[in-house]
Amino acid sequence: MRDAWRGPGVFRVFGVPPFLARILHIGFSLRPPMKFRSLYDLYIRELQDLHSAESLNRTALPEMIECACSPDLKMALRNHLEETRDHIDRLNRILRKHGERREVDRCRAMEGVLTACERMIDREADGIIYDLGIISACQRVEHYEIAGYGTARAYAESLGEEEDAALLAETLEEESSANDELTGIATMLQSQCKRNNGESGDEESLRPRFLRTDVLEATGAR
């Protein structure tokens, strides 16, 4: 039964965009939930979940880089793609040390985040609004990973795994820095958007079109 759900085609049937279909089909499984009998078990599962999340993010980032308009945003995403590869290498190093497999299940939470991110990006918007949608999507991913790495580091410290904790802290710092850089780029783009729409600072003009008040009112969402 599980094999019947493999392959990107089944996701495309439900209207999933191509890059998300490729992400979702890789190793898709319906395994029962893992049982945790100790803090060590929970720690290893957290590492495996992060490995899956980082792998999914590594698959999605190249398309975001290609679609981004701002040179600063493209550069930030390229840099973070390289960091993401380093993050996966660190997780592999930790898991090998403990004799554990890299992934035992898919990170369904990251899959959900990436699916929601796709909806945040208005492909018909102009360059600035489009880039702001990409940044909003990327920061959702960053916040999920920051939470995961913070938890994993705390577990490592509690278990006396000082080397693991140091590696996880290094990744956590990079994730936080990447998030801060995206915030800076978003602030710059919003200022540019405001200048393009005059000094009035009309809030309606700063909203992505799929969130404008007139659209919400037309659909009865307000």
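The values are calculated or read from the model by the stated rules, or taken from the named source; none is laboratory data. From a predicted model like this one, the values you see are computed outputs, not experimental measurements. Ideal geometry is used to build each Cβ from the backbone, glycine not excepted, and the neighbour counts take in all protein chains shown.
Being within 19 Å of Glu66 (Cβ to Cβ) and either outside any helix (DSSP H, G or I) or of a type outside the set (Val, Ile, Thr) (or both) is a description that applies to Ala137.
For the range 186-197, the set of residues classified as assigned to a helix (DSSP H, G or I) and either surrounded by fewer than 16 Cβ atoms within 10 Å (Cβ to Cβ) or over 17 Å from the mean Cα position of the chain (by Cα) (or both) consists of Thr187, Met188, Leu189, Gln190, Ser191, Gln192, Cys193, Lys194, Arg195, Asn196, listed by residue number.
For the range 76-110, filtering for residues that are in a helix (DSSP H, G or I), at pLDDT 90 or above and in contact with a helix residue (DSSP H, G or I) (Cβ under 9 Å, 6 or more places away or on another chain) leaves 20. In a helix (DSSP H, G or I), modelled with pLDDT of 95 or more and among the aromatic types (Phe, Trp, Tyr): does that describe Tyr155? Yes. Of all residue pairs spaced 6 or more apart or on separate chains, those with beta-carbon atoms under 8 Å, a first member in the range 176-194 that is more than 13 Å from Cys69 (Cβ to Cβ) and a second member that is surrounded by 18 or more Cβ atoms within 10 Å (Cβ to Cβ) and small (Gly, Ala, Ser) are Ala178/Ala76; Glu181/Ala76; Leu182/Ala76. Close Cβ contacts (under 6 Å, 6 or more residues apart or on different chains) running from residues in the range 102-120 that are buried (at least 20 other Cβ atoms within 10 Å of the Cβ) to residues that are modelled with pLDDT of 85 or more and acidic (Asp, Glu) comprise Cys107/Asp49. When the range 37-67 is filtered for residues that are touching a residue at least 60 places away in the same chain (Cβ under 8 Å) and over 20 Å from Tyr144 (Cβ atoms), the ones remaining, listed by number, are Leu39, Tyr40, Cys67.
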